[in-house]
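A.B. asks: For reference, the structure I am asking about is given below.
No lab work stands behind these numbers, since they all come straight from the coordinates. This one's a predicted model, so the numbers in the text were calculated from it and none came from an experiment. Note that we place each Cβ from the backbone using ideal geometry, even for glycine, and neighbour counts take in every protein chain shown.
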Amino acid sequence: MLLIQGVKKGFHVGGNRIPILDIPRWDVGRGEKIAIIGPSGSGKSTLLHIISGILRADEGEVHIDGQALHRMTEPARDSFRASRIGYILQDFHLIPSLSARQNVEIVMPAQMGAAERRKRIDHWFERVGLGDRSRHLPSQLSRGQQQRVAIIRALVNEPPIVLADEPTGSLDWETADEVTDLLLELCREEQHTLIVVTHDLNMANRFPRRVHIGEINQISGVKRLAESREERAI
Ligand code: ADP
Ligand code: MG
């Protein structure tokens, strides 16, 4: 499903290149549910940005769902992401002026008939326990409810791969557990490949496969800090 090979990524700051990722090889099978754990600043978000094609690696290969992402232009990566990847973020990113169901509807294919869209949306809101909340504005929903809407938006077009960046980061622990279980359950039912990055061990422990970013990425935070100090000293 996903194969990363020889990927390197760095950011240029003040004339220096700070290496962030160096991944010799990492692969994920179809339908796997993986939590990547690691401290803040260890490159977790950057890794998801590269997997989703938001960022391009400086070198190396990213194969995903049968496509060579590293060979695509930016517009091709954008359309690949829109059709094949579901993305869930810590802060939900719902559009405040649209109702919960409108936030979902805007990502659905334009050619789908209105009746079919309505039916699917009703089904999803029922499924996540928000059947009576779909016409609320995001500001009229709790944070846990907003994250459920963001989960529907990520899954409604049945993407083969779902990426989540600290999806429980701004929820209290009880709500975080509920949202984690819901996400795992929905992805299990639909056979999605799910990759979550988090520094929440409680969340990670609910996943069948856990991996520390240090096992994937050869650049540890400590090493990177030392290198950037060396660069400054030169
Ligand atoms: P994490 O998600 O694990 O907290 P990130 O992937 O967001 O880590 O960031 C990894 C490192 O890369 C951090 O040290 C961060 O400051 C740096 N970084 C991220 N994006 C940029 C950028 N656009 N320019 C410069 N440095 C960046
Ligand atoms: Mg991050």
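Rundown of residues vs (1) more than 27 Å from residue 158 (Cβ to Cβ); (2) within 16 Å of ligand 2 (Cβ to nearest atom), yes/no style:
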residue	(1), (2)
17	yes, no
21	yes, yes
29	no, no
82	no, no
86	no, no
99	no, no
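A.B. asks: Against the definition (among the charged types (D, E, K, R) and surrounded by fewer than 15 Cβ atoms within 10 Å (Cβ to Cβ)), how does residue 61 come out, yes or no?
C.D. replies: Against the criterion (among the charged types (D, E, K, R) and surrounded by fewer than 15 Cβ atoms within 10 Å (Cβ to Cβ)), residue 61 does not qualify.
A.B. asks: Select from the range 78-96 the residues that are part of a strand (DSSP E or B) and of a type outside the set (Gly, Ala, Ser) and list them in ascending order.
C.D. replies: If the condition is that a residue be part of a strand (DSSP E or B) and of a type outside the set (Gly, Ala, Ser), then 85, 87, 88, 89 are the ones that fit.
A.B. asks: With a cut-off of at least 2 residues that are within 16 Å of the chain's Cα centre (by Cα) and closer than 17 Å to residue 99 by Cβ, name the helices (runs of 4 or more DSSP H) lying wholly within the range 111-193.
C.D. replies: In the range 111-193, 143-155 are the helices (runs of 4 or more DSSP H) which contain 2 or more residues that are within 16 Å of the chain's Cα centre (by Cα) and closer than 17 Å to residue 99 by Cβ.
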